[in-house]
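Below: the structure, in structure tokens.
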Amino acid sequence: GDPSFRELVGRVREGALGAYGHQEVPFERVVEEVARERSLAYTPLFQTTFALQNAGRGELRMGELAVEPLDQGGNPFAKFDLGLELSEEEGCLRGTIAYRAELWDGATIERMAGHLTRLLAVLASDPERRIHEVAFLPEEERFQVLEGWSASRTPVPAGGCLHDLFAARAARTPDAVALVHPGGGLTYAELERAAHRLARRLQRLGVGPETRVGVCLGRTPELVVALLGVLGSGGVYVPLDPAHPAGRLTFLLADARVSVLLTTSRLIDRFPEYQGVVLRLDDAEDLPGEEAAPAPRTGVAPESLAYIVYTSGSTGRPKGVGVEHHSAATHLVGLAAVLGITGTDRVLYFAAVGFDVSLEQLLLPLLSGATLVLAGEDLWSPAEFALRARELGITVANLPPAYWQEVIEAGVGGALPELRLLLVGADAMPSAAVRRWRARFETPARLLNAYGPTEAVITATTFELSAEYPGGYAGATVPIGCPLPGRAAYVLDSRGRPVPVGVPGELHLGSALLARGYPGRPELTAERFVPDPFSGEGGARLYRTGDRVRWLPGGTLEFLGRMDH
């Protein structure tokens, strides 16, 4: 429930008196009944203790001899993981905290003592106040968490529309190589002309702002042309992974209300129930050649929908997440600046087509003047990753943690002199894997742990691992870091209040870059996208990630798991 402090004290008193009535039960009998599994690492029933010494000591005299307690300077050994002892002395409560140094550091204990002192002072002055109404955080710590750590103050220029950004880049470097693949390559000018031809064809079929266009293609040049062509027509890009079951693909087409489907003759059999318009990109009759012409007019605004990407649906019905042009464009422009992507980079495209990070891997290099390197429809085996990366001169790569660990465990290391940046994201990054990576691969690459849900537009926080890492941090997984420029990250309790450093809470992400929501599901959108009380801007929102995290000392976020787990 939600008791007042006075009610809570009454409950504790009642529970304690009830327990005292059974104090004759042997301790070993209680352990036998309650603790089925025993361990020598900790006490069997509890690891945290509280003791209140309120009996009073009085004066002890033996004839002319007066006896006083001897202060031994504290016990260097902690009997339990954490113990608080209070005593009443001259109308005051005085106390000590004993703790295991393997689990806690002094700064954490001092913060806990400060929070307890603040709690007791407030409740003593107003015993009728409900516990949840007490703000644990003192003003200086609240300011540090909310103003110092939660929100990045680095300004990010507005990105506009994605196809306009690509057109501007192609105009600046038309003869630069935009993409390479096992069968050849395309310059920026050639890629732009191919995208324009497809865009005009789509417009003749009625595609325009908010029109959903499904794209079911593998890791091929046609996928890149289709993405730019859909955006250039004004339509909404809906990626469909050919590796997914036919039932899921059918569901996505219906749920997204796809009007036009782009695919190939080889994959068309995956859609026997689809009744809409189908364009096969390998069929000359479907896509006749056209002379070069100006980019088609789209009528698209920065607030128009750019793409809909579906979550995995591992916890239920797959959810389509709708992202507007300005959100994706602003994110990509800002991330390119953070990562330092330039025209000299060769960026690997490796992600599965249906994941949102595929858009980041495809568009980030093309908006930055870099060369996009397509690995081909078949993934490289972990054992050949280093060899293929060297052959293709990869300078930037983004790998899922599971595949990255397989690369490490394959034992085929060696030098990667060209690789300057490696991002690992979409799942927890084990600390032990970092040490093995550095031991087996000779590379100057910066290593970043990247985190971000689809609803927050791909990557929201990053943590860069220094050469000394993980020295000084004993966690099993690497922290997910700090919010990127233009982003905000808040760790809140169940009532939406900031929690102290080290205390778990739900991660809420905020910024003007958040997704529009879940198309066709207004109730779910309202549930997950909530008002932002911290930004001070009207209409600002926070996305409730459902991820359990905590602030580490120094201002980095540690991922602890899902709230519903």
Which residue pairs have Cβ atoms closer than 9 Å, lie 6 or more positions apart in sequence or on different chains, and pair a first residue in segment 371-386 that is under 12 Å from Leu399 (Cβ atoms) with a second residue that is open to solvent by 30 Å² or more (accessible area, probe 1.4 Å) and among the charged types (D, E, K, R)?
Ala375/Arg219; Ala375/Arg388; Leu379/Arg219; Trp380/Arg388; Pro382/Glu406; Pro382/Glu409; Phe385/Glu406
Listed residues Gly520, Gly539; which is surrounded by fewer than 16 Cβ atoms within 10 Å (Cβ to Cβ), in a loop (DSSP other than H, G, I, E, B), modelled with pLDDT of 90 or more and not hydrophobic (A, V, I, L, M, F, W, C)?
Gly520
Checking the structure you have, find out if any residue of segment 502-514 is open to solvent by 20 Å² or more (accessible area, probe 1.4 Å) and touching a Cys at 6+ places or on another chain (Cβ under 9 Å).
no
Can you name every residue in segment 259-271 that is touching a helix residue (DSSP H, G or I) at 6+ places or on another chain (Cβ under 8 Å) and in a loop (DSSP other than H, G, I, E, B)?
Thr264, Phe271
In segment 110-134, what residues are of a type outside the set (A, V, I, L, M, F, W, C), more than 27 Å from Leu552 (Cβ to Cβ) and assigned to a helix (DSSP H, G or I)?
Ser125, Glu133
Considering segment 368-380 alone, what residues qualify as being closer than 12 Å to Phe350 by Cα and open to solvent by less than 50 Å² (accessible area, probe 1.4 Å)?
Leu372, Val373, Leu374, Ala375, Gly376, Trp380
Is it true that Gly561 is within 17 Å of the chain's Cα centre (by Cα), at positive phi, not polar (S, T, N, Q) and not in a loop (DSSP other than H, G, I, E, B)?
yes
Restricting the first residue to segment 121-148 and requiring it to be under 17 Å from Pro3 (Cβ atoms), which pairs with a second residue that is at pLDDT below 85 meet a Cβ separation below 6 Å and a spacing of at least six or different chains?
Val122/Val134; Arg130/Asp2
Mind checking which pairs have a first residue in segment 172-191 that is under 16 Å from Leu392 (Cα atoms) and a second that is part of a loop (DSSP other than H, G, I, E, B), Cβ under 6 Å, 6 or more apart or different chains?
Pro182/Gly376
Would you say Val491 is at pLDDT 95 or above and not in a helix (DSSP H, G or I)?
yes
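Does Leu116 satisfy the criteria of being within 24 Å of Pro485 (Cα to Cα) and surrounded by 14 or more Cβ atoms within 10 Å (Cβ to Cβ)?
Values: within 24 Å of Pro485 (Cα to Cα): no; surrounded by 14 or more Cβ atoms within 10 Å (Cβ to Cβ): yes.
So Leu116 does not fit the description; no.
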Go through the residues of segment 51-65 one by one and say whether even a single one is open to solvent by 80 Å² or more (accessible area, probe 1.4 Å), out of contact with any helix residue (DSSP H, G or I) (no Cβ under 8 Å at 6 or more places or on another chain) and of a type in the set (S, T, N, Q).
yes
Within segment 165-174, identify whether any single residue is at positive phi and open to solvent by 50 Å² or more (accessible area, probe 1.4 Å), and answer yes or no.
no
Among residues of segment 207-257, those that are in contact with a strand residue (DSSP E or B) (Cβ under 7 Å, 6 or more places away or on another chain) and either under 15 Å from Ala306 (Cβ atoms) or of a type in the set (Phe, Trp, Tyr) (or both), counted:
17
Residue count, segment 15-51 (criterion: under 27 Å from Glu90 (Cβ atoms) and touching a Gly at 6+ places or on another chain (Cβ under 9 Å))
3
Residue selected from segment 181-213 under the condition acidic (Asp, Glu) and within 35 Å of the chain's Cα centre (by Cα), by the criterion farthest from Gly276 (Cα to Cα)
Glu192
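Which residues, taken from segment 494-517, are part of a loop (DSSP other than H, G, I, E, B) and within 25 Å of Leu335 (Cβ to Cβ)?
Correct list: Ser511, Ala512, Leu513, Leu514, Ala515, Arg516.
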Would you mind stating whether Ile97 is in a strand (DSSP E or B) and within 22 Å of Leu137 (Cα to Cα)?
yes
Inspect all residues belonging to segment 453-475 and state whether any of them is closer than 30 Å to Arg130 by Cβ, β-branched (Val, Ile, Thr) and in contact with a Gly (Cβ under 8 Å, 6 or more places away or on another chain).
no
Any hit, segment 21-42, residues being of a type outside the set (Lys, Arg), modelled with pLDDT under 85 and under 22 Å from Ile97 (Cα atoms):
yes
Glu14 meets each of (1) in contact with a strand residue (DSSP E or B) (Cβ under 9 Å, 6 or more places away or on another chain); (2) more than 25 Å from Asp81 (Cα to Cα); (3) open to solvent by 90 Å² or more (accessible area, probe 1.4 Å) with one exception, condition (1)
Of everything in segment 379-398, what is more than 18 Å from Val412 (Cβ to Cβ) and among the charged types (D, E, K, R)? Give them in sequence order.
none
Take the residues in segment 440-464 that are at pLDDT below 90 and over 21 Å from Ala336 (Cβ atoms), then tell me which one is least open to solvent (accessible area, probe 1.4 Å).
Phe441
Among the listed residues Arg435, Arg516, identify the single one that is more than 30 Å from Ala256 (Cβ to Cβ) and of a type in the set (Lys, Arg).
Arg435
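The values are calculated or read from the model by the stated rules, or taken from the named source; none is laboratory data. These figures come from a predicted structure and were not determined experimentally. Every residue, glycine among them, receives a Cβ derived from its backbone with ideal geometry; neighbour counts consider all protein chains shown. For accessibility, only protein heavy atoms count, side chains too; no ligands or nucleic acids. Shrake-Rupley method; radii C 1.70, N 1.55, O 1.52, S 1.80 Å.
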